[in-house]
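Undergrad: Encoded as structure tokens, here's the structure I'll be asking about.
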Amino acid sequence: MFTMKIFNSLLDAIGNTPLVRVPFNTPAKVYAKLEYLNPGGSIKDRAALYMIQEAERLGLLKPGGTLIEASSGNQGIATAMIGAMKGYKVIITVSEKISEEKQKTLQAYGAQLIRCKPTLHLDDGASYHAKAVEIHKNTPNSFMLNQYFNPTNAGAHYSMLGPEIWQQTQGTITHYCAAAGSGGTVSGAGKYLKEQKPDLKVIAVDVPNSYRSTDKNPQPYKLEGIGVDYDTPLLNTAIIDDFFLSGDDESIAMLKTMAREYGLLIGPSSGAVAYAASQIAQNLTEHDTLVMIFGDSGRAYLTKNFY
Ligand SMILES: Cc1ncc(COP(=O)(O)O)c(C=O)c1O
């Protein structure tokens, strides 16, 4: 089938990403939602769009204003992309841990990049989040999207991602599996899907070393864009059935498998999700349909030599 899409604005090209069957060795149907096909290259286009549009509507963001955000890269890239086309100045704080590619992409969109030393806790006064809060306080006419605490982050996925998955699977989805950082993706779409089908299972993928998994005693880990590193108000534990922990080694090994056996070049958080889904799917039947979220592409991490 040939469908031609024409958009009047780049913003209208956000979302409606493909859902693609992945032939894992299971009687269940497993699908990947290819979020890396968003115009900014990740799932975060959705959250940034909703948070910026809401700020404009509420008058918190005015012409000539400055967008400020703390990010593990993708939220910043989405903010920089939208800021560029709308004429806002953009300042993004990141941890030095994130890939060179993501840092250079931010600068390519014209954003000012502030690199901060990695911290184990997001609420550490030296963290990239704390730095963004400080810059926001000292910058007149600025708006901080604040993805880690802004409920509109999860709201974007409730309003947009969840309904897309429901329509694409024609209501047959039984398992929804997504990485948790802020928790917006898993909680927002998870809530929508569970409202449609209360016995649907929502699986949040975290890392074993995160603040949440270690009962507030986090340890460093290599994966980016995944890991619950603070008491996040966005993680809706009431609708999450299970937390699956994917570690560095199995997630990074999965990146190679996905690229070489399935032709899916995905980023590390998606490697963690793919590993989780491959394990969960072993216990599913032909009556089950699992949807996993692939948040970004492996092209943003090639210099990390994971592949
Ligand atoms: C590639 C990727 N996957 C997953 C996530 C986690 O999404 P959320 O913050 O909605 O939990 C992020 C967050 O930055 C990300 O960049």
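Read the figures in this text as sums done on the coordinates, not as results from a lab. Computed from a prediction, not measured in an experiment: that's the story for all the values here. Cβ atoms come from the backbone with ideal geometry, glycine included; neighbour counts cover every protein chain shown.
Undergrad: Residue by residue through segment 50-65, what is 3J(HN,Hα) from phi via Karplus (6.51 cos²θ - 1.76 cosθ + 1.60, θ = phi - 60°)? Round to whole Hz and write x for glycine and proline.
TA: Whole-Hz 3J(HN,Hα) from phi for segment 50-65: 5, 5, 6, 5, 5, 4, 5, 5, 7, x, 7, 10, 10, x, x, x.
Undergrad: Considering the Cα positions of segment 125-254, please state its Rg to one decimal place and its Dmax as a whole number of Å.
TA: Every Cα atom of segment 125-254 included, Rg and Dmax give 16.1, 50 Å.
Undergrad: Do you know the relative contact order of segment 94-140, to the nearest whole percent, from alpha carbon pairs under 8 angstrom that are 6+ apart? It would help to have the intermediate numbers written out before the result.
TA: Working: 41 pairs, mean separation 14.5, N = 47.
Once normalised by length, the contact order is 31 percent.
Undergrad: Quick one: dipole size for segment 44-144, taken about the Cα centre, charges +1 on Lys/Arg Cβ and -1 on Asp/Glu Cβ, in debye to the nearest 20.
TA: Working: 13 positive and 10 negative charges, 38 e Å.
Around 180 debye, computed over segment 44-144.
Undergrad: Give the Kirkwood hydrodynamic radius (Å, one decimal) of segment 184-307, defined as one over the mean of 1/r across all pairs of different Cα atoms. Write down the numbers at each step before the final one.
TA: Numbers: mean 1/r = 0.0659 Å⁻¹.
Every distinct Cα pair counted, the radius reaches 15.2 Å.
Undergrad: List every residue whose amide H lies under 5 Å from the amide H of Ala70, counting only residues 5 or more places away in sequence or on a different chain, with H placed 1.01 Å from N in the peptide plane.
TA: Thr93, Asn146, Gln147
Undergrad: Still on this structure, I have one more. Mind jotting down a quarter of the surface of the convex hull over the alpha carbons of segment 243-298, in square nanometres, one decimal?
TA: Working: hull surface 15.9 nm².
Convex hull of Cα atoms, orientation-averaged projection: 4.0 nm².
Undergrad: Distance between the C-alpha centers of segment 68-110 and segment 239-298? Whole Å please.
TA: 26
Undergrad: With 27 Å as the limit, write out which pairs from Lys44/Lys201; Lys33/Lys89; Lys104/Lys131; Lys33/Lys201; Lys117/Lys216; Lys5/Lys44 have Cα-Cα distances beyond it, or answer none. Each step should come with its number before you reach the end.
TA: Numbers: Lys44/Lys201 23 Å; Lys33/Lys89 31 Å; Lys104/Lys131 20 Å; Lys33/Lys201 17 Å; Lys117/Lys216 20 Å; Lys5/Lys44 21 Å.
Where the Cα-Cα span goes over 27 Å, the pairs concerned are Lys33/Lys89.
Undergrad: A follow-up question, please. Based only on Cα atoms, what Rg/Rh ratio does segment 1-89 have, Rh being taken as Kirkwood's radius?
TA: We get a ratio of 1.09 for segment 1-89.
Undergrad: Rounded to two decimal places and with Rh computed the Kirkwood way over Cα pairs, what is Rg over Rh for the chain? Working shown, then result.
TA: Values: Rg = 18.3 Å, Rh = 19.3 Å.
Taking Rh as the inverse mean 1/r over Cα pairs, Rg/Rh reads 0.95.
Undergrad: How big is the gap, in Å, between the Cα center of segment 186-230 and the Cα center of segment 1-35?
TA: Answer, in whole Å: 23.
Undergrad: Quote the convex hull volume per residue of segment 44-144, based on C-alpha atoms, as a whole number of Å³. Kindly include the intermediate steps, with their values, before the conclusion.
TA: On the way: hull volume 8.8 nm³, N = 101.
Cα convex hull per residue, to the nearest whole number: 87 Å³.
Undergrad: Additional query: When Rg is the radius of gyration of the Cα atoms in segment 190-247 and Rh is its Kirkwood radius, what does Rg/Rh come to?
TA: Values: Rg = 12.5 Å, Rh = 12.3 Å.
The Rg/Rh ratio comes out at 1.02.
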